[in-house]
Each structure stands twice: as structure tokens, then as C-alpha cells.
1. Taking the solvent-accessible surface of protein heavy atoms with a 1.4 Å probe, what is the per residue accessible area of the chain in Å²?
2. Just P92, P134, P40 to compare: in a GNM of the chain, with alpha carbon springs under 10 Å, which one fluctuates most?
3. Hey, any idea what % of the chain's accessible area is carbon plus sulfur with a 1.4 Å probe?
4. Multiply the residue gap between Q129 and A73 by 0.36 nm, knock off their C-alpha separation, and tell me the result in nm, one decimal place.
5. Just reorder D57, D151 by solvent-accessible area, largest first, 1.4 Å probe, all chains present.
6. Top mean-square fluctuation among S99, S115, S56, Gaussian network model of the chain, C-alpha springs under 10 Å?
7. Over all pairs of distinct alpha carbons, what does the Kirkwood formula give as the hydrodynamic radius of region 111-159, in Å?
8. Region 82-106 to region 25-71: how many Å between their Cα centroids?
Amino acid sequence: MTLSDKGGMTFSSHMAAALAEARAAGARGEVPVGAVVVSPLGEVVSAAGNRTRELSDPTAHAEVLALRAACAAAGSERLPGHVLYVTLEPCPMCAAAISAARIARLVFGAADPKSGGVLQGPLIFGHPQCHHVPEVIDGIAAGESAALLRDFFGLRRDG
């Protein structure tokens with residue numbers, strides 16, 4: 001997906017890959033959230049969907065799994081210049097991990113008024129103890145991201 005702004009700048013999105021990870025997570029019975037880490041050269045270096053239930057691990061959020069894989073591939077705990085695409089606004093735990101990994105840009109889809117930690121709730125990147133603040137772009141594929149979550153939870157409420 002390529003978008004252009006009024007200044008003529010082009011923005012290439014890897015949100016389609018994150019959405020594919022979210023759909024796969026939902027198919028596994030996990031909350032449908034997907035994440036993709038892209039290198040400074042524009043190459044996808046890792047992708048993941050939620051696996052908290054499968055791994056019996058409350059930290060196995062899509063963002064954390066994608067960051068772990070990207071850091072392992074880079075041989076470093078930091079990912080300067082990398083971009084993280086995620087279908088849902090990261091929670092406070094994931095926002096802290098994004099900061100610790102020194103992600104350059106965070107791009108997310110749907111806002112999360114209940115559990116978000118970037119533009120909602122504790123505003124992790126605005127906290128004085130936050131050591132690194134990525135550029136944040138929100139609302140990319142927000143409708144599709146929100147629909148995945150709404151449908152997933154709707155089936156569980158109605159079923």
C-alpha cells in the first residue's frame with residue numbers, strides 16, 4: 001500500500017502484512033493483532049501475530065514477538081531505523097518494548113481506548129522515564145483492523 005501526502009512525499013505501508021498476521025492469529029483463536037518489523041532498507045525482517053494462549057505467555061503479544069525475532073536477526077537488542085507496523089495501538093508493555101528497542105517509527109491501525117498505551121491511557125512515550133520516542137503514525141488501515149477485532153469478539157459474545 002502506497003500513500004501520498006499533500007507535500008508529495010510517498011509513504012509505503014506494510015500494514016497488509018500485519019493484517020495477514022492478525023487474521024492468522026484470529027484463526028488460531030488468539031486476539032487478532034498482527035505486527036511486522038521493517039528494516040531501514042524497507043525489507044520485512046519479522047512478522048508475528050498474538051500467541052498468548054498458544055504459548056501460555058501473557059507477554060506473547062504480536063509486537064513483542066516481532067521485536068524479539070527482529071532483534072535476533074539483527075544480533076542486537078536495538079533496531080535503529082526500523083519501522084514497526086501493528087494493527088492495534090500498542091499496550092503499555094509493548095510501547096515500553098518499542099522504546100527499548102529504539103524503533104524509529106511506529107505505524108498502527110486501530111486505536112485502543114481500553115488498553116492502549118501510546119495515544120490513550122498512560123501515554124508511555126510522553127512519560128519522563130521513556131528513553132526513546134519513535135515517530136508515531138496512527139489510523140493506517142484502522143477500519144479493517146477494528147473490524148477484525150469487532151468480529152472476533154462479537155463471535156465470542158454471541159456464540
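1. Accessible area per residue: 50 Å².
2. Result for the chain, Cα springs under 10 Å: P40 fluctuates most.
3. The nonpolar share, carbon plus sulfur, comes to 56 percent.
4. 17.4 nm
5. D151, D57
6. S56
7. Here the Kirkwood hydrodynamic radius works out to 12.8 Å.
8. Using only Cα atoms to place each centre, the spacing works out to 11 Å.
The values are calculated or read from the model by the stated rules, or taken from the named source; none is laboratory data. The shown structure was predicted, so the numbers you read here are calculated from the model rather than taken from an experiment. Positions of Cβ are backbone-derived with ideal geometry, glycine not excepted, and every protein chain shown enters the neighbour counts. What goes into the accessible areas is simple: the full protein's heavy atoms, side chains included, and nothing from ligands, DNA or RNA. Shrake-Rupley method; radii C 1.70, N 1.55, O 1.52, S 1.80 Å.
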